Amino acid sequence: MSTKGLLSMSMKPWGVRARKLAAATVGAATVVVISGPAAAAAPDPVVPLACADMGTHYRVFNKQDVHIPLGIHYKSGPGGTVKASIQTSLSTTLKVSMSASFSAGALIAKAETTFGIEASVTATIQQTYEYSNNIKAGKYGHLQFGNWGWRMGVEKYTLDANCRKSSSVEGTVTSMPSAASWGYKYWETAS
Amino acid sequence: MPPSTSAQTAAGTTKMSGYLAAVTTSNASTAATVVATGARPTITEQSGRVTTMVIRDEGANVWAKGNYRLVIYCAGTGTLYAYFELGGESEIQELLPCAPTVSTGTVDLALPNDASASKVMIIPAGETEAAVAYQIQRV
């Protein structure tokens, strides 16, 4: 092999075959310059983009069913029957206990996505219905109409341009109305 | 459900009034009645849109051991699912389709021991538009 051939081989990655070939052709009258592979061209510097999720976010957790009472609290007894009459135009609105402002719409949307529920910032029912319940002898019966919503924990946090959490506040959604579930709750007391 | 036009709402209201009246008449209490509800629609209006309403009533009182029957009355269109729970016992059933004349469905539960807490849920399927009433009887 000629020197030119060896030099052209030296431009390729330094492998076993190349070394053996070079060793086989070294002789007293031949000077072989063996060089390592040419350095790869440096890549263009990476310019980081801002975090795609930069901004304010909500996380919800620990969902529990709650009855959100509305209208008249009926009580009767001892014993007999307690009856509730028709009431009109009852409504309830999202209530949150947190030391930070929040977007009601964003919070509802997050809860719906996280839990697969159908919630509402404000829920209204035009007309309730009658309901009666027998009361155990010696007890007082209580009836109240309401919306069957949820209570849950909430975290409001912010992601900065590097996708790092830059602030976080936790609070409680004390009542989040459901869009469609309404009804009565009955209970008894001794007095 | 799509927003209703005023004409549709008026016609729907008239039909629903008839369904409510029919169901109320059928749901007369008897000596066996423990809980009774008045007739209510399976739809409600939220923010100008007609939406399906899930009926859910719960009690936190004690139920003596024995046999109980949930009797559901329905008039209108569509299908209802009835969920009945007393203590740790529960059943859910798909009821016969509602019709313009009142139809009746029942769900039975047997309590082997005294139990606390009760739950009744009436869940309309799809675009059910009906009036519903129910009572719980000790049988």
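Just a yes or no: is a residue in region A:118-133 of a type in the set (Phe, Trp, Tyr) and surrounded by 21 or more Cβ atoms within 10 Å (Cβ to Cβ)?
Checking region A:118-133: at least one residue is of a type in the set (Phe, Trp, Tyr) and surrounded by 21 or more Cβ atoms within 10 Å (Cβ to Cβ).
Among the residues that make up region B:115-129, is at least one of them touching a residue at least 40 places away in the same chain (Cβ under 8 Å), open to solvent by less than 30 Å² (accessible area, probe 1.4 Å) and outside any strand (DSSP E or B)?
Our first condition is that a residue be touching a residue at least 40 places away in the same chain (Cβ under 8 Å); within region B:115-129, this holds for B:115-129.
Those left that are additionally open to solvent by less than 30 Å² (accessible area, probe 1.4 Å): B:115, B:118, B:120, B:122, B:124, B:128.
Next, from what is left, pick out any that are outside any strand (DSSP E or B): B:128.
Checked against the condition, which is being touching a residue at least 40 places away in the same chain (Cβ under 8 Å), open to solvent by less than 30 Å² (accessible area, probe 1.4 Å) and outside any strand (DSSP E or B), region B:115-129 yields at least one hit.
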The correct count of residues that are among the aliphatic types (A, V, I, L, M), assigned to a helix (DSSP H, G or I) and surrounded by fewer than 20 Cβ atoms within 10 Å (Cβ to Cβ) in region B:17-58 is 1
When both residues are 6+ apart or on different chains and their Cβ atoms are under 6 Å apart, which pairs have a first residue that lies in region A:126-154 and is under 16 Å from B:Thr33 (Cβ atoms) and more than 9 Å from chain B (Cβ to nearest Cβ), and a second that is in a strand (DSSP E or B) and open to solvent by less than 20 Å² (accessible area, probe 1.4 Å)?
A:Leu143/A:Val82; A:Leu143/A:Ala84; A:Leu143/A:Tyr184; A:Leu143/A:Tyr186
Is region A:162-173 home to any residue that is in contact with a Lys or Arg (Cβ under 6 Å, 6 or more places away or on another chain), at pLDDT 95 or above, surrounded by fewer than 22 Cβ atoms within 10 Å (Cβ to Cβ) and at the interface with chain B (Cβ under 10 Å from one of its Cβ atoms)?
no
How many residues, within region A:66-86, are part of a strand (DSSP E or B), within 12 Å of chain B (Cβ to nearest Cβ) and among the hydroxyl-bearing types (Ser, Thr, Tyr)?
1
What is the number of the single condition among (1) surrounded by fewer than 19 Cβ atoms within 10 Å (Cβ to Cβ); (2) modelled with pLDDT of 95 or more that A:Ala84 does not meet?
(1)
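Is it the case that some residue within region B:41-51 is without any contact (Cβ under 8 Å) to a residue 60 or more places away in the chain, farther than 21 Å from A:Ser181 by Cα and out of contact with any strand residue (DSSP E or B) (no Cβ under 6 Å at 6 or more places or on another chain)?
If we filter region B:41-51 for residues that are without any contact (Cβ under 8 Å) to a residue 60 or more places away in the chain, which is where we start, we get B:44-51.
So of that shortlist, the ones also farther than 21 Å from A:Ser181 by Cα come out as none.
For region B:41-51, residues without any contact (Cβ under 8 Å) to a residue 60 or more places away in the chain, farther than 21 Å from A:Ser181 by Cα and out of contact with any strand residue (DSSP E or B) (no Cβ under 6 Å at 6 or more places or on another chain): absent.
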Checking B:Asn67 against (1) among the polar types (S, T, N, Q); (2) open to solvent by less than 20 Å² (accessible area, probe 1.4 Å); (3) under 20 Å from B:Thr33 (Cβ atoms), which test does it fail?
(2)
I'd like the full set of residues that are closer than 22 Å to A:Ser91 by Cβ and open to solvent by 10 Å² or more (accessible area, probe 1.4 Å), limited to region A:176-191.
A:Ala179, A:Ala180, A:Ser181, A:Lys185
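The values are calculated or read from the model by the stated rules, or taken from the named source; none is laboratory data. Since the model is a prediction, treat every value here as computed from it, not as a measurement. Because the Cβ atoms are built from the backbone with ideal geometry, glycine has one as well, and the counts that use them run over all protein chains shown. Accessible surface is based on the protein model in full, side chains and every heavy atom, while ligands, DNA and RNA are left aside. Shrake-Rupley method; radii C 1.70, N 1.55, O 1.52, S 1.80 Å.
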